[in-house]
Amino acid sequence: MEIILLQDVEKVGLRGDVVTVADGYARNYLIPRRYAERATEAKVNELRKRDEIRARQEARTVEEAQQIADRLAQAELRFDVPAGPTGRLFGSVTPTNIADELWGTLKVRVDRRKIELPEPLKRIGRYEVPVEVFEDVLVEVTTLVVPEGGELPPEEALAALEAQERAEDQILFVCAAFSAMTTDRRHRTALAEEEAIAEPQPKVLNFASSMMPVEGFTLICSFMTSPHSGAPTSPVPTPGVSLAKDPTLRGLL
């Protein structure tokens, strides 16, 4: 289905983009949540006219672009966003947010597609965001992402918060892997015990008893994944890590 995005959607597109997605994704997720609307000929034409008006407000010469770049180099954007205790945002700051803020605070019109942000900002911090004002005219705009109701911590504190989050993510990753392995173990143990009823095997009983020491680790994982623990409630696996090769998991295999 062809749709018009009403908001930035990660890995799909930016607000105002006309994109094609699976029918079910559009009907069941994007459209009901007002992330998008069905693209009709009338709406697409209206969108193009709006883009043409905005384009006329952008820099049209190198000299004009350089003047705008000089202003942006001195500017500082600020976004106050709800965030968790480790600095992770409940949401994100996207290129469209930055383009809107540039227009709202400085009356500088920049195409959101010219804001070179590989992915949305998802943590509090101080960022230098590259903006292409015109061809060969690039400027970095200082952008502060601040926890709502607070101020931005010093760089050392930000680094410590990020390290804390990485440690929690690693624990959650191990917990998820541990849960999967113990579930598989219990399943295999139950099958072995059923076989042992017909033909008793001491080795099966020893294997079953070896499950006892894991209960303490299970309690730790239960706490870490609890919504009251302050930790993220869904594990974030380390990219490219194999469960069988991860040294933190070898003792559990």
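The values are calculated or read from the model by the stated rules, or taken from the named source; none is laboratory data. All values reported here derive from a predicted model rather than from experimental measurement. Every residue, glycine among them, receives a Cβ derived from its backbone with ideal geometry; neighbour counts consider all protein chains shown.
Listed values, structure above:
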| read-out | value |
| --- | --- |
| Close pairs (7 angstrom Cβ cut-off, 6 or more residues apart or separate chains): part of a helix (DSSP H, G or I) in region 94-113, among the hydroxyl-bearing types (Ser, Thr, Tyr) anywhere | Ile98/Thr143; Arg112/Thr96 |
| Members of region 3-56 that are assigned to a loop (DSSP other than H, G, I, E, B) and either in the same structural domain as Val93 (by TED's automatic domain parsing) or of a type in the set (Asp, Glu) (or both) | Asp8, Glu10, Asp17 |
| Residue in region 113-133 that is farther than 26 Å from Lys11 by Cβ and either aliphatic (A, V, I, L, M) or surrounded by fewer than 20 Cβ atoms within 10 Å (Cβ to Cβ) (or both) present | yes |
| Single residue of Val133, Val129 found to be within 24 Å of Val18 (Cα to Cα), assigned to a strand (DSSP E or B) and either in contact with a strand residue (DSSP E or B) (Cβ under 8 Å, 6 or more places away or on another chain) or not assigned by TED's automatic domain parsing to the domain that holds Arg78 (or both) | Val133 |
| Candidate set: region 134-184, residues that are under 30 Å from Glu101 (Cα atoms) and among the β-branched types (Val, Ile, Thr); chosen: the one surrounded by the fewest Cβ atoms within 10 Å (Cβ to Cβ) | Thr142 |
| Of the criteria (1) over 30 Å from Ala160 (Cα atoms); (2) in a helix (DSSP H, G or I); (3) out of contact with any helix residue (DSSP H, G or I) (no Cβ under 9 Å at 6 or more places or on another chain), which one Arg60 fails | (2) |
